[in-house]
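The structure appears right after this line, and notes come after that.
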Ligand SMILES: [Zn+2]
């Protein structure tokens with residue numbers, strides 16, 4: 001488990017993809033997951049509030065695919081988990097039935113409350129949660 005590596009040097013550390021720049025990390029174990037540059041949309045919602053759609057996410061493991069009825073239609077999705085601490089992070093769109101939803105295929109939604117933003121040392125503005133355009137809800 002990841003928490004073990006804190007104060008434990010490099011012992012038992014599992015390999016993680018490191019990210020440069022403004023990154024989002026797992027709230028529980030601090031593993032880097034994706035970059036702010038990879039955000040496609042901040043207007044998704046999950047049961048616990050805001051969620052973001054990302055182009056690309058690393059350090060995750062993908063669960064079994066299943067058909068899920070969502071606000072925008074039926075999608076084939078898979079839950080995704082932090083590869084380090086195992087917490088549920090969100091879901092990945094494997095396939096969409098609706099042509100208009102095809103852009104989501106292969107993309108990953110991370111629930112905002114499960115991740116933290118790492119500004120990479122840069123001070124200043126916070127883009128997060130300033131986008132009030134919550135047009136898209138994805139409750140499952
Ligand atoms: Zn984690």
- request: Please specify each residue of segment 93-106 satisfying the condition of being at pLDDT 95 or above and either within 16 Å of the ligand (Cβ to nearest atom) or part of a loop (DSSP other than H, G, I, E, B) (or both).
  value: 105, 106
query: Condition test on residue 138, is it closer than 20 Å to residue 38 by Cβ, buried (at least 18 other Cβ atoms within 10 Å of the Cβ) and at pLDDT below 90?
result: yes
- line: Of the residues in segment 42-69, those that are crowded, with 18+ Cβ neighbours inside 10 Å and in a strand (DSSP E or B) come to 42, 44, 45, 46, 51, 52, 53, 54, 60
- prompt: What is the number of the single condition among (1) crowded, with 17+ Cβ neighbours inside 10 Å; (2) under 22 Å from residue 98 (Cβ atoms) that residue 19 does not meet?
  reply: (2)
- request: Of the conditions (1) touching a residue at least 24 places away in the same chain (Cβ under 8 Å); (2) within 16 Å of the ligand (Cβ to nearest atom), residue 72 clears all except one; give me its number.
  value: (2)
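Being more than 16 Å from the ligand (Cβ to nearest atom) and modelled with pLDDT of 95 or more is the requirement here; does residue 111 meet it? Step through it out loud before you land on a result.
Values: more than 16 Å from the ligand (Cβ to nearest atom): no; modelled with pLDDT of 95 or more: yes.
For residue 111, the condition - more than 16 Å from the ligand (Cβ to nearest atom) and modelled with pLDDT of 95 or more - is not met.
The values are calculated or read from the model by the stated rules, or taken from the named source; none is laboratory data. The shown structure was predicted, so the numbers you read here are calculated from the model rather than taken from an experiment. Positions of Cβ are generated from backbone atoms using ideal geometry, with glycine treated the same way; all protein chains shown enter the neighbour counts.
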